[in-house]
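Student: Before I ask anything, let me first share the structure, which is written out below as structure tokens.
Since every read-out is calculated from the coordinates, none of them should be taken as a lab result. A quick note: this is a predicted structure, and the numbers were derived from the prediction, not measured. Cβ: placed from backbone, ideal geometry, glycine included. Neighbour counts: every protein chain shown.
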Amino acid sequence: MIDGFKKFIARGNMVDMAVGVVMGAAVTAVVNSVVDGIINPLVASIFGKPDLSKTWNWTITNWAGENSVISFGSVLNALLNFLLIALAVYFCIVVPINKLRDMTEKAMAKVKGDDSDVAAEEPDLSPEEQTVILLQDIRNALAAQQPAGAHAAPVATDTTAAPESK
């Protein structure tokens, strides 16, 4: 039972997920500090309030005399925060990681002696098309490894044909 738990914890997915949660918390703290320290003071200087949630409010009184508040400012504030968080994540995390990944792929290609950039040669292929090409390359490599006299059983490619009876 303990061994199973150790395997579960040491599994790559679990470690990746834990790292993602920790990094998510760190990014949240950074984005919140940017919003609280830069964006909200700018909003306060423009609108005279600390954030948009206190602006563009409509108060409606119902038949019992109770007030309900419709706050368009809260919706705009949430949308603005979402857009700012998305921008921060994209430019501070996604772009640098993609550049690092590209640099790593180029360095690995140089180490392997392959100076061609596969992504640059076929940038308009869909992931499905790239998968098909990769599988075809694997099939060709396996076929090249077989001895000349050995023949593999033919693989049926047409699944609509009726099975033959013997």
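Student: Within the range 1-72, which chymotrypsin sites (Phe, Trp or Tyr not before Pro) sit in a loop by DSSP and count at most 15 neighbouring Cβ atoms inside 10 Å? It would help to have the intermediate numbers written out before the result.
Tutor: On the way: sites: Phe5, Phe8, Phe47, Trp56, Trp58, Trp63, Phe72; in loops: Trp56, Trp63.
Counting only loop positions with at most 15 other Cβ atoms within 10 Å, the chymotrypsin sites (Phe, Trp or Tyr not before Pro) in the range 1-72 are Trp56, Trp63.
Student: Spin-label point model (7 Å from Cα, Cβ direction): what's the Leu134 to Gln146 distance in nm?
Tutor: 2.4 nm
Student: Another question, if that's okay. Need the full-extension length gain, Val111 to Trp58, defined as separation in residues times 0.36 nm minus the C-alpha distance. One decimal, nm.
Tutor: Residue separation times 0.36 nm, minus the Cα-Cα distance, leaves 12.6 nm.
Student: Working out 0.36 nm times the residue gap between Asp36 and Val89, then minus their Cα-Cα distance, what length gain in nm do you get to one decimal?
Tutor: Roughly 17.4 nm would be gained on extension.
Student: Using packing as a proxy for protection, rank 96-102, 74-80 so that the peptide with the highest average count of other Cβ atoms within 10 Å comes first.
Tutor: My ranking of the peptides, most packed first, is 74-80, 96-102.
Student: Let me ask you something else. Near Lys99, which lysines are there with a Cα under 24 Å away, not counting those fewer than 8 places off in the same chain?
Tutor: Straight-line reach from Lys99, under 24 Å: Lys110, Lys112.
Student: Let me ask another. For Ala26 and Lys6 in one chain, what is 0.36 nm times their gap in residues minus the Cα-Cα distance, to one decimal in nm? The partial results should precede the final answer.
Tutor: On the way: separation 20, 0.36 × 20 = 7.20 nm, distance 2.70 nm.
Working it through step by step, the gained length comes to 4.5 nm.
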